[in-house]
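The values are calculated or read from the model by the stated rules, or taken from the named source; none is laboratory data. Bear in mind the structure is a predicted one, so any value in this text is a computation, not a measurement. Virtual Cβ from ideal backbone geometry, glycine too; neighbours counted across all protein chains shown.
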Amino acid sequence: MKGIILVGGFGTRLRPLTTNTPKPVIPIVNKPFLVYQIELLKMYGVNEIILATGHLSNTIKKILGTGESFGVKIIYSLENQPLGTGGAVKLASRHLDGQGAFILNGDVLTDINLDKLYNFHKEKKAKVTISLVPVADPTKFGLVETNENNQVRAFVEKPGQNEITTNMINAGAYYFENEIFDMIPPGVNYSLERGLYPMLLEKKIPFYAYNSNDYWLDIGTPKKYLEANKDVLEDKVNIPALLDMKKSGSVFIGDNAQISKKVRMLSMAAIGEKTIVQPGATITDHSVVGNHCIIEEGAQILGSIILDNSFIGKNSKIVNTIIGQNCKVMPYTFIEGGLLKVIGDGAYIPEYSII
Ligand code: GDD
Ligand code: MG
């Protein structure tokens with residue numbers, strides 16, 4: 001079985017975290033986000049994955065490589081200019097050898113049961129099956145109206161307030177029969193949501209919606225990003241390969257992390273590979289510290305994420321904040337994020353700062 005993951009977007013709403021790192025490989029609990037999708041696809045027998053990439057494709061390639069380390073084959077489909085969700089799928093479909101495929105939006109954390117979606121698809125004799133989830137505010141998504149037989153009746157991308165007829169939206173996981181790829185125009189920017197789906201309805205092609213009750217989160221904003229990390233720490237995302245990460249009590253611990261025995265409090269947290277945590281430090285309340293970080297004596301990290309290669313000086317206190325990669329937070333600094341604060345990659349915060 002083959003799958004396509006759409007990863008060519010710009011991730012603008014996650015800036016500054018996505019200034020240097022493409023959104024699909026931003027770490028969630030110290031694993032590149034795409035690894036969650038790769039493990040999900042693998043769990044359901046998809047072992048050939050086509051990544052539809054554009055912007056920052058090489059960075060993605062450097063991190064994920066051929067896929068061998070995950071036990072899958074990764075093929076990179078590269079767009080010279082963004083082709084939109086539909087154009088990207090069309091280009092990637094060259095690698096499908098006439099087969100149908102699962103397609104995933106590359107920015108959704110989910111443990112959707114793809115077997116159920118596929119069985120539903122076959123049972124309904126659908127040509128396209130789309131997964132749906134309920135949300136409070138459909139205006140940021142693709143609204144999907146269905147009939148009593150789960151057939152799609154209307155698809156409205158980013159509906160206005162006056163167009164909201166249901167709270168069910170496109171969850172960004174699909175199965176397409178191969179003939180559908182022939183309906184997408186080649187080499188042009190084309191949208192699945194605004195082009196293909198309305199066309200399927202117009203042409204009365206069997207287009208069905210599978211209601212998913214599984215975990216689902218769009219990681220588009222820093223707040224959602226923090227939530228995703230928290231949910232993985234709480235084992236809410238049911239992808240077995242990920243739950244195998246090494247754990248001590250409620251703390252995920254990366255290889256070769258050096259954690260002093262005198263660390264004061266360490267709960268509901270993750271510490272990355274080769275990270276050093278010195279005596280008297282506190283890391284708690286769903287905090288995630290990345291790889292190759294140094295957390296000095298007495299530093300307190302509460303409800304925060306510290307990305308790779310960052311340094312937190314002694315007796316600093318960091319609350320509800322995301323600190324980018326390669327940052328230096330010098331000793332005795334206090335950063336309180338209120339609802340949430342994001343400090344971009346490479347920042348230098350001098351001693352005794354209060355932010
Ligand atoms: N390769 C490629 N090329 N990928 C693209 C392109 C492109 O030109 N444009 C977007 N993508 C990828 C993004 O990286 C993302 O993984 C996915 O396609 C969806 O694009 P977004 O830009 O994130 O769209 P959205 O979040 O506003 O809406 C989409 O997702 C919602 C669910 O989160 C739509 O599919 C909605 O209908 C859906 O409800
Ligand atoms: Mg999105």
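Output yes when any residue across the stretch 177-187 is over 15 Å from the mean Cα position of the chain (by Cα), at positive phi, at pLDDT below 95 and not aromatic (Phe, Trp, Tyr), and no when none is. Yes.
Out of 19, 66, 12, one residue alone is among the hydroxyl-bearing types (Ser, Thr, Tyr) and within 16 Å of ligand 2 (Cβ to nearest atom). It is 12. Tallying residues that are part of a strand (DSSP E or B) and within 20 Å of the chain's Cα centre (by Cα) within the stretch 126-155 yields 6. Being on the phi > 0 side of the Ramachandran plot, touching a strand residue (DSSP E or B) at 6+ places or on another chain (Cβ under 9 Å) and either part of a loop (DSSP other than H, G, I, E, B) or modelled with pLDDT under 95 (or both) is a property that holds for residue 315. Number of residues in the stretch 201-251 that are small (Gly, Ala, Ser), within 24 Å of residue 123 (Cβ to Cβ) and not in a loop (DSSP other than H, G, I, E, B): the value is 1. Looking at 233, 226, 192, just one residue is within 25 Å of the chain's Cα centre (by Cα), buried (at least 20 other Cβ atoms within 10 Å of the Cβ) and within 14 Å of ligand 1 (Cβ to nearest atom), and that residue is 192. If the requirement is being among the hydroxyl-bearing types (Ser, Thr, Tyr), more than 15 Å from ligand 1 (Cβ to nearest atom) and in the same structural domain as residue 199 (by TED's automatic domain parsing), which of these qualifies: 59, 19, 12? Sole residue among the options that is among the hydroxyl-bearing types (Ser, Thr, Tyr), more than 15 Å from ligand 1 (Cβ to nearest atom) and in the same structural domain as residue 199 (by TED's automatic domain parsing): 19.
Given the structure, is residue 297 touching a residue at least 12 places away in the same chain (Cβ under 8 Å), more than 24 Å from the chain's Cα centre (by Cα), outside any loop (DSSP other than H, G, I, E, B) and not assigned by TED's automatic domain parsing to the domain that holds residue 32? No. Once the stretch 244-302 is narrowed to residues that are touching a helix residue (DSSP H, G or I) at 6+ places or on another chain (Cβ under 8 Å) and of a type outside the set (Val, Ile, Thr), the residue that is surrounded by the most Cβ atoms within 10 Å (Cβ to Cβ) is 270. Of the strands (runs of 3 or more DSSP E) lying entirely inside the stretch 67-125, the ones with 1 or more residues being buried (at least 19 other Cβ atoms within 10 Å of the Cβ), within 16 Å of ligand 1 (Cβ to nearest atom) and without any contact (Cβ under 8 Å) to a residue 60 or more places away in the chain are found at 73-78. A single entry from 4, 49, 38 fulfils the requirement of being away from ligand 1 (no atom under 11 Å from the Cβ) and in a strand (DSSP E or B): 49.
Right, residue 236: over 26 Å from residue 16 (Cα atoms) and free of Cβ contacts under 8 Å to residues at least 12 places away in the same chain or not? Give the derivation first.
Working: over 26 Å from residue 16 (Cα atoms): yes; free of Cβ contacts under 8 Å to residues at least 12 places away in the same chain: no.
For residue 236, the condition - over 26 Å from residue 16 (Cα atoms) and free of Cβ contacts under 8 Å to residues at least 12 places away in the same chain - is not met.
Within the stretch 134-156, no residue that is on the phi > 0 side of the Ramachandran plot sits with its Cβ atom under 7 Å from a residue that is in a loop (DSSP other than H, G, I, E, B) and polar (S, T, N, Q) at 6+ positions apart or across chains.
Residues to consider are 219, 180, 164; find the one that is of a type in the set (Val, Ile, Thr) and within 16 Å of ligand 2 (Cβ to nearest atom). Answer to the check: 219. Contact map, the stretch 21-39: first residue more than 15 Å from residue 70 (Cβ to Cβ), second residue part of a helix (DSSP H, G or I) and among the small types (Gly, Ala, Ser), Cβ cut-off under 6 Å, separation 6 or more or different chains; pairs are 28/228.
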